[in-house]
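Contents: one structure, followed by commentary.
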Amino acid sequence: MNDFSIPGTQSTPAIQGDWAQGILSMQGDSYPENSYELFHQVFEWVERFLKQAGRPLTLELKLLYLNTSSIKAMMDIFDLLEEAHHQHKPVAVNWRYDPRNERVAELAEEFKEDCSFPFAILSHD
Amino acid sequence: MEPLDLFSMRESYNRQQIMLCFNGPISRSLIEEIGNALRNYLAADHAHPSAAMDVFGVYIELTQNIRHYAQQQGWTEQDASATVVVARNEAGHYVVSAGNIIRPQDGEAMLARVEALASLDKAELKARYKEQLRKPREADASSGAGLGLIDIARKSSAPLQANLRQLADGRAFLSLRAEI
């Protein structure tokens with residue numbers, strides 16, 4: 001089973017992996033005490049997809065507040081994408097945010113600074 | 001037992017514009033529940049969404065740092081006590097304060113780190129933050145509160161304040177105060 005779906009909770013985002021479409025989506029806040037528990041399965045899915053699927057991968061993000069351990073975990077995932085990009089594998093991130101909260105755009109912007117693959121930060125109403 | 005004077009407590013909380021305070025063992029779910037209440041208060045207070053997210057973020061990092069520290073020390077859930085206060089100051093800024101029991105040498109190390117961060121401007125804090133983000137997880141865990149403390153400093157509008165009080169049992173009480 002290559003698709004997965006983790007329901008969101010108050011402190012963790014909803015996450016869906018769609019192998020056929022090559023889309024990983026995350027929505028919501030992320031501030032679990034132990035981010036590693038949540039994110040290592042996402043990390044492994046991305047790693048496996050990039051190795052095996054031979055198709056483009058897009059991350060569709062509507063993440064809001066991230067605590068520092070979630071930020072570290074997301075950075076590890078973006079590093080995987082960066083590495084794939086250097087191997088000429090097509091990867092992209094679309095991060096959508098509510099324009100009333102510029103902190104989310106600033107957070108996305110800081111991730112984007114360290115990425116050379118297509119990384120769009122899009123405001124939605 | 002000394003009788004509780006709730007009215008004078010209320011007067012004092014009101015005078016100091018305390019929105020929320022907590023003292024006692026702090027569990028993971030309690031951090032979330034108090035966080036929820038904090039978000040509701042901030043919304044009712046018409047805080048700007050960015051400011052509300054900063055206050056919430058500082059609250060989360062401070063309280064999770066306290067939990068992580070207690071876990072590292074192998075202390076029980078009961079020993080993972082925190083004193084947390086969210087208030088507004090005269091200038092209308094939100095102030096998040098959190099205190100916990102700590103080993104004196106760890107407390108001294110925290111004072112030194114808070115002092116080191118105080119001299120950095122926003123650009124330097126960002127550089128320090130990115131540097132810390134790239135450090136291996138283990139290095140962060142052993143030093144404790146590495147990334148979180150820098151994150152709090154970045155969200156604050158004034159340098160963090162820390163103080164340490166020696167306790168009779170040989171331990172110490174650390175207070176951290178962040179003004180958003």
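The values are calculated or read from the model by the stated rules, or taken from the named source; none is laboratory data. All figures in this text were calculated on a predicted structure; none of them were measured in a lab. For neighbour counting, all protein chains shown are included, and Cβ atoms are generated from backbone atoms with ideal geometry for every residue, glycine included. SASA here: full protein model, heavy atoms, side chains in, ligands and nucleic acids out. Shrake-Rupley method; radii C 1.70, N 1.55, O 1.52, S 1.80 Å.
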- Among the residues of the stretch B:111-127, is there at least one that is under 20 Å from B:Gly57 (Cα atoms) and in contact with a strand residue (DSSP E or B) (Cβ under 8 Å, 6 or more places away or on another chain)? yes
- Take the residues of the stretch A:84-104 that are in a strand (DSSP E or B) and of a type outside the set (Val, Ile, Thr): which is most open to solvent (accessible area, probe 1.4 Å)? A:Arg96
- Which one of these is of a type in the set (A, V, I, L, M) and part of a strand (DSSP E or B): B:Met9, B:Met19? B:Met19
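Condition check ((1) in contact (Cβ under 8 Å) with a residue 60 or more places away in the chain; (2) farther than 29 Å from B:Gln72 by Cβ; (3) surrounded by fewer than 15 Cβ atoms within 10 Å (Cβ to Cβ)) across all residues:
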{"site": "A:Asp3", "(1), (2), (3)": "no, yes, yes"}
{"site": "A:Pro13", "(1), (2), (3)": "no, no, no"}
{"site": "A:Gln16", "(1), (2), (3)": "no, yes, no"}
{"site": "A:Leu24", "(1), (2), (3)": "no, yes, no"}
{"site": "A:Gln27", "(1), (2), (3)": "no, yes, no"}
{"site": "A:Asn34", "(1), (2), (3)": "no, no, yes"}
{"site": "A:Glu37", "(1), (2), (3)": "no, no, yes"}
{"site": "A:Phe43", "(1), (2), (3)": "no, no, no"}
{"site": "A:Val46", "(1), (2), (3)": "no, yes, no"}
- Message: Quick check on the stretch A:60-78: of everything there that is open to solvent by 40 Å² or more (accessible area, probe 1.4 Å) and within 10 Å of chain B (Cβ to nearest Cβ), which residue is farthest from A:Glu109 (Cα to Cα)?
- Response: A:Asp76
- Going through the stretch B:56-68 one residue at a time, which ones are of a type outside the set (Ser, Thr, Tyr), farther than 13 Å from A:Leu66 by Cα and more than 9 Å from chain A (Cβ to nearest Cβ)? B:Leu62, B:Asn65, B:Ile66
- Item | Candidate set from the stretch B:27-54 (those that are under 20 Å from A:Glu102 (Cβ atoms) and more than 11 Å from every other protein chain (Cβ to nearest Cβ)); member that is surrounded by the most Cβ atoms within 10 Å (Cβ to Cβ) | B:Leu42
- Message: Going through A:Leu107, A:Leu122, A:Leu81 one at a time, which residue ends up being away from chain B (no Cβ under 13 Å) and part of a helix (DSSP H, G or I)?
- Response: A:Leu81
- Of the conditions (1) surrounded by 17 or more Cβ atoms within 10 Å (Cβ to Cβ); (2) modelled with pLDDT under 95; (3) away from every other protein chain (no Cβ under 14 Å), B:Asp169 clears all except one; give me its number. (1)
- Could you look through the stretch A:48-59, keep only residues that are open to solvent by less than 70 Å² (accessible area, probe 1.4 Å) and not β-branched (Val, Ile, Thr), and pick out the one that is farthest from B:Ser29 (Cα to Cα)? A:Ala53
- Item | Within the stretch B:1-26, tally of residues that are open to solvent by 50 Å² or more (accessible area, probe 1.4 Å), over 19 Å from B:Ala80 (Cβ atoms) and of a type in the set (S, T, N, Q) | 4
- Within the stretch B:130-153, considering residues that are of a type in the set (Lys, Arg) and part of a loop (DSSP other than H, G, I, E, B), the one modelled with the lowest pLDDT: B:Lys135
